[in-house]
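The values are calculated or read from the model by the stated rules, or taken from the named source; none is laboratory data. Given the structure is predicted, the values throughout are model-derived calculations rather than measurements. Positions of Cβ are backbone-derived with ideal geometry, glycine not excepted, and every protein chain shown enters the neighbour counts. Quick note on the areas: whole protein, heavy atoms, side chains included, nothing else; ligands and nucleic acids left out. Shrake-Rupley method; radii C 1.70, N 1.55, O 1.52, S 1.80 Å.
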Protein chains: 2
Amino acid sequence: MRILYHLPLDPGCRLVRILMREKALDFEMYAEKVWERRSEFLTLNPAGEVPVLIDEGDQVVCGSAMVITEYLEEVCPEPGFLGHTAAERAEVRRLMSWFDDKFRREVTVNLVDEKLMKRFLGLGEPNSAAIRAGHANIHYHLDYIGWLCDRRTWLAGDDLSLADITAAAHLSALDYLGDVPWKDHPGAKDWYARFKSRPSMRDVLADLIPGAPPSKHYSDLDF
Amino acid sequence: MRILYHLPLDPGCRLVRILMREKALDFEMYAEKVWERRSEFLTLNPAGEVPVLIDEGDQVVCGSAMVITEYLEEVCPEPGFLGHTAAERAEVRRLMSWFDDKFRREVTVNLVDEKLMKRFLGLGEPNSAAIRAGHANIHYHLDYIGWLCDRRTWLAGDDLSLADITAAAHLSALDYLGDVPWKDHPGAKDWYARFKSRPSMRDVLADLIPGAPPSKHYSDLDF
């Protein structure tokens with residue numbers, strides 16, 4: 001059985017979870033407290049970070065969510081979420097990088113890491129300037145989602161792709177905290193409502209972190 | 001003709017340049033002053049970052065160096081630098097991510113960005129705490145390169161791969177500044193000496209930034 005070492009609110013882990021559900025792959029999850037730096041875990045991934053996938057045949061795959069998604073697209077290509085042509089795949093990967101690099105830096109780190117990860121890691125109080133920056137930056141990205149959806153069915157084109165899964169992985173973590181101003185961004189909200197109703201999201205929407213309950217509308221499909 | 005929008009000391013741009021030389025692809029380079037936020041450039045890449053590749057047929061490829069390398073491996077697969085099996089490719093991509101994410105965060109940003117990019121962006125004096133952190137962190141990564149080379153011919157296995165190209169792209173930028181303590185790390189030095197002598201590195205070793213000359217041994221193959 002495949003095993004995914006993860007943390008519930010980590011967007012990279014959510015990305016892999018959602019992709020594996022979309023591909024109907026069976027796996028078990030193990031919540032890895034990375035801050036404990038368990039030696040057996042460091043043997044699997046010397047970087048000490050999640051997600052780490054142990055595939056069938058004990059194949060260890062790690063490094064970043066994108067390393068794991070490229071691997072899964074190779075070993076389980078159907079259904080595929082990267083696109084058919086090299087140009088389509090370049091666009092899907094551009095948007096994956098947009099959300100997993102740029103959005104992470106400008107929004108996720110400022111909100112999820114400040115509000116939750118700092119607490120787990122014992123790194124002190126959240127930095128209020130970072131939180132203000134995260135709240136300010138998110139509007140630009142939600143506008144971009146709306147702009148893309150005015151022109152395309154899904155973020156990268158006609159088909160749902162890893163671009164949507166990556167964006168939803170980050171936004172779902174922020175939505176858990178109640179930090180997404182959906183009412184100001186009807187285009188992005190419509191896109192997320194479509195994505196959220198997929199069976200692949202059920203697992204993520206059932207997450208419950210002890211001591212940090214989700215926002216009221218987090219798992220509500222009609223939010 | 002292919003065009004690469006780049007900045008000379010940006011490791012992601014160097015990675016793409018070295019890969020295209022290894023693949024014997026013709027291209028022209030255009031140094032893009034990203035801080036000027038030129039509107040024609042923002043139309044190509046709304047993220048406003050380099051590298052951006054314009055491939056034959058005016059295909060725009062951008063998002064991150066890894067997006068471009070995946071594209072080039074697809075459209076120009078020979079010679080390939082990702083490995084033959086899914087397991088080999090997972091290991092190459094894990095190490096690419098190690099150097100392009102973890103090493104970048106822990107070393108490159110603290111040294112190249114603080115010392116050079118801040119000056120170009122008019123962001124003030126370098127932060128001395130960041131520079132100290134970069135100098136402290138680099139030892140751990142050079143040890144890791146030495147550890148890998150004790151067990152393998154190249155970083156990811158028997159063959160030279162994108163793992164080596166990614167690590168060399170970052171280290172060459174730091175070496176331009178004279179910030180790599182080679183004498184303390186003979187294993188890493190031996191690996192870099194082998195890589196540095198490849199014809200694909202000539203272009204990068206000829207870089208010259210006005211007002212910031214390279215370290216004395218930067219282009220010396222017998223350093």
### Message
Could you tell me how many of the residues in the range B:24-36 are part of a helix (DSSP H, G or I) and buried (at least 18 other Cβ atoms within 10 Å of the Cβ)?
### Response
1
### Query
Which ones in the range A:54-84 are more than 9 Å from chain B (Cβ to nearest Cβ) and more than 13 Å from A:Arg2 (Cβ to Cβ)?
A:Ala65, A:Thr69, A:Glu73, A:Pro77, A:Glu78, A:Pro79, A:Gly80, A:Phe81, A:Leu82, A:Gly83, A:His84
### Query
If you go through the range A:195-210 one residue at a time, do you hit one that is out of contact with any helix residue (DSSP H, G or I) (no Cβ under 9 Å at 6 or more places or on another chain), open to solvent by 80 Å² or more (accessible area, probe 1.4 Å) and farther than 25 Å from A:Asp143 by Cβ?
yes
### Message
So, in the range B:148-181, exactly how many residues are among the small types (Gly, Ala, Ser) and open to solvent by 30 Å² or more (accessible area, probe 1.4 Å)?
### Response
1
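Just to be sure, is B:Ala136 in a helix (DSSP H, G or I), open to solvent by 30 Å² or more (accessible area, probe 1.4 Å) and within 16 Å of B:Trp182 (Cα to Cα)?
Against the criterion (in a helix (DSSP H, G or I), open to solvent by 30 Å² or more (accessible area, probe 1.4 Å) and within 16 Å of B:Trp182 (Cα to Cα)), B:Ala136 qualifies.
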### Query
So which residues in the range A:86-113 are of a type in the set (S, T, N, Q) and within 9 Å of chain B (Cβ to nearest Cβ), if there are any at all?
A:Ser97
### Task
Mind listing whichever residues of the range A:80-91 are without any contact (Cβ under 8 Å) to a residue 60 or more places away in the chain, more than 16 Å from B:Cys62 (Cβ to Cβ) and touching a helix residue (DSSP H, G or I) at 6+ places or on another chain (Cβ under 7 Å)?
A:Gly80
### Filter result for B:Glu70 (under 20 Å from the mean Cα position of the chain (by Cα) and of a type outside the set (Ser, Thr, Tyr))
yes
### Query
Any idea which of (1) within 14 Å of chain A (Cβ to nearest Cβ); (2) under 16 Å from the mean Cα position of the chain (by Cα) is the one B:Leu116 doesn't satisfy?
(1)
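Just to be sure, is A:Gly83 small (Gly, Ala, Ser) and farther than 30 Å from B:Asp143 by Cα?
So A:Gly83 fits the description; yes.
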### Task
Please indicate, with yes or no, whether at least one residue in the range A:167-177 is among the charged types (D, E, K, R) and farther than 18 Å from A:Asp100 by Cβ.
no
### Message
Would you confirm, using the coordinates I've provided, whether B:Phe120 is surrounded by fewer than 24 Cβ atoms within 10 Å (Cβ to Cβ) and assigned by TED's automatic domain parsing to the domain that holds B:Asp164?
### Response
yes
### Residue tally, condition in contact with a Gly (Cβ under 6 Å, 6 or more places away or on another chain) and within 22 Å of A:Val16 (Cβ to Cβ), over the range A:108-160
1
